[in-house]
1. If you rank Val96, Val91 by fewest surrounding Cβ atoms within 10 Å, what's the result?
2. Based on C-alpha coordinates, I'd like the Rg and Dmax of the chain, in Å.
3. Where is the GNM fluctuation largest for the chain (alpha-carbon springs, 10 angstrom cutoff): Pro136, Pro80, Pro94?
4. Give me the angle, in degrees from 0 to 90, between the Cα long axis of helix 36-48 and the longest principal axis of the Cα atoms of the chain, rounded to the nearest 10.
Amino acid sequence: MKIAYHFSRIVFGAWFLYSGVAHFLIPGWQPMGSHPAAIDFTQALIDSGLFTWIKLIEVVLGATMLANRFMPLTIVAMTPINIVICHWNFVLDPGVVEYTFGILTILFNAVLAWMWRGYFWQLFTFKGQADYSLSPGGNLRTQSETVH
């Protein structure tokens, strides 16, 4: 699994970094799709200015993946972007190449998330205790400490 992890991290990180950097260095590079819904959606992102923010986030996430740093945060941050990428590939602009990219997106996400799964279980805390201190690190409590 270590090989699958590093392969996924490097390929996905390079993919994100390239996709983000290309937006800033190659004007008009962004594939718009071939179906009207995909073209309209992508154009709306570009026209609203949101696309530039997405590409900036892709650059940061690509760099953190390639550096193998901040991985739990990287995985959480890239998930909404990847949901949109999958929707674009499977729904807005379906085709063989698009399905392939959509499947690879899910596969790479799954491999990366699985390797860091221990960091995510705390996110499923149904009822916990807020930390009202001003300490930057907070005061994480174990499950036994939060049960009354």
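1. Working: Val96 7, Val91 14.
With the sparsest Cβ surroundings first, the list reads Val96, Val91.
2. Rg, Dmax (Cα atoms, Å): 18.3, 58.
3. Among Pro136, Pro80, Pro94, the largest mean-square fluctuation in the Gaussian network model of the chain belongs to Pro136.
4. Result, in degrees: 70.
Read the figures in this text as sums done on the coordinates, not as results from a lab. Treat the numbers as computed from the prediction; the structure is a model and nothing was measured. Every residue, glycine among them, receives a Cβ derived from its backbone with ideal geometry; neighbour counts consider all protein chains shown.
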